[in-house]
Every structure is written in structure tokens, then in C-alpha cells.
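To start, the structure itself, in C-alpha cells.
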Amino acid sequence: MPDRDLTISWCGDIERAGELAAFFAGHVGPAYVSHSELQGGRALGPGRWRDDLPAVLEAELRARLRQAGVGAPGRSGQAVLVAELDGELVGLSIVTFAGQAPVPFAVVEDMIVSPAMRSRGIGKAMLDWIATEARSRTIARLFLESGIDNKRAHHLFEQEGFRTVSVVMMRSL
């Protein structure tokens, strides 16, 4: 992306919650659903989002942004990352740092890049930025999860050094 300005930063503006929720909901398909969407109430079942997903996400993001304060957490805490290209939102990530754990870790809970911007290095840049932030907090491990059919994302994550360490299974009752 020569001559374009990509900025990545922690978001500390609670007033952006609606915009970020609309971006998230507008750019994820059924393949994105993973166990955290099922456990957290965003999805009704594998591959099936709630009809009111934007409202659910906005409430969740408001709470996270309120907790995050100015955006950048200390060694532990939640943060919302935004990636903007020439001032336009093109990527979003939700990250939790667990710096007080016996082996300090962070979880990339969500990472979305707008479809028009995929395969242009934005996802890689976001992951690199998160890793740098994690290292600065002496975080030893970076985890993420991804929907089972989200193959394109899996390819990126593997290219960036992530390896499968477990398999999550579910049984509906």
C-alpha cells in the first residue's frame, strides 16, 4: 500500500462503540463463529449469528472501552485495537492481556479486516503490532481462536507463527 498511511492504535473512545460494532457485524460471516461467540452470546449456534448482533457487540464494546480507559492496558486488562488506512477504519481487534498469570499470556479474542482490504498486509501488521505490545508487557504467549471453517484466517495465523495447541469441541444439550 504505497503512499497510504496505515495507523494502528488502542482505541480509548467509548463514543466509537457503535461504529466499531457495525464494522465488526458488517464484516464477519458464518465461518467466523468460534466457541467464544457461542459462549459469549454473540452466536446462537455454529455458523449462526444472533439477529441483534450489532446491539450485542455495541454493549460489549462499550463495557470493554469503559474498562480500558485510555485504551492501552497495563500488563493485564482488555483493549480494543483499531487499524485505519488514511483515516478509514479497516481493521479491529479485541485483545486481553493476562500478565499476572503463572505464564503471562494475551488472547487475540477477535480480529477483523474489511473484506476489501484483506490480503494487503493489514492483518499481519495488526498481529505484529499486538505482538510488540505484548512483548513490552513481558507477555510470554499469544493465543487466538478461529472458527473451524475460517480457512483464510487460519492460513494467515499459521504464516505468523501460530500453531494448533488444542481442539475445542461442543455438544448441544
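The values are calculated or read from the model by the stated rules, or taken from the named source; none is laboratory data. Computed from a prediction, not measured in an experiment: that's the story for all the values here. Reconstructed Cβ throughout: ideal geometry from the backbone, glycine too, with neighbour counts over all protein chains shown.
A few remarks follow.
- Residues of segment 25-71 satisfying the condition of being of a type in the set (Gly, Ala, Ser) and farther than 26 Å from ARG152 by Cα: ALA55, ALA59, ALA63, ALA68, GLY69, GLY71
- Top-ranked residue in segment 61-86 [being assigned to a helix (DSSP H, G or I) and in contact with a helix residue (DSSP H, G or I) (Cβ under 8 Å, 6 or more places away or on another chain); ranked as surrounded by the fewest Cβ atoms within 10 Å (Cβ to Cβ)]: ARG66
- For segment 33-44, the criterion of a residue being crowded, with 16+ Cβ neighbours inside 10 Å, out of contact with any Asp or Glu (no Cβ under 6 Å at 6 or more places or on another chain) and outside any helix (DSSP H, G or I) is satisfied by at least one position.
- Selection within segment 112-136 - over 24 Å from ALA22 (Cα atoms) and crowded, with 17+ Cβ neighbours inside 10 Å: GLU133, ALA134
- So PRO2, is it surrounded by fewer than 14 Cβ atoms within 10 Å (Cβ to Cβ), at pLDDT below 95 and on the phi < 0 side of the Ramachandran plot: yes
- For segment 12-27, residues that are in a loop (DSSP other than H, G, I, E, B) and modelled with pLDDT of 95 or more total 1.
- Restricting segment 90-108 to residues that are out of contact with any strand residue (DSSP E or B) (no Cβ under 6 Å at 6 or more places or on another chain) and either closer than 14 Å to PHE23 by Cβ or not hydrophobic (A, V, I, L, M, F, W, C) (or both), the residue that is surrounded by the fewest Cβ atoms within 10 Å (Cβ to Cβ): PRO102
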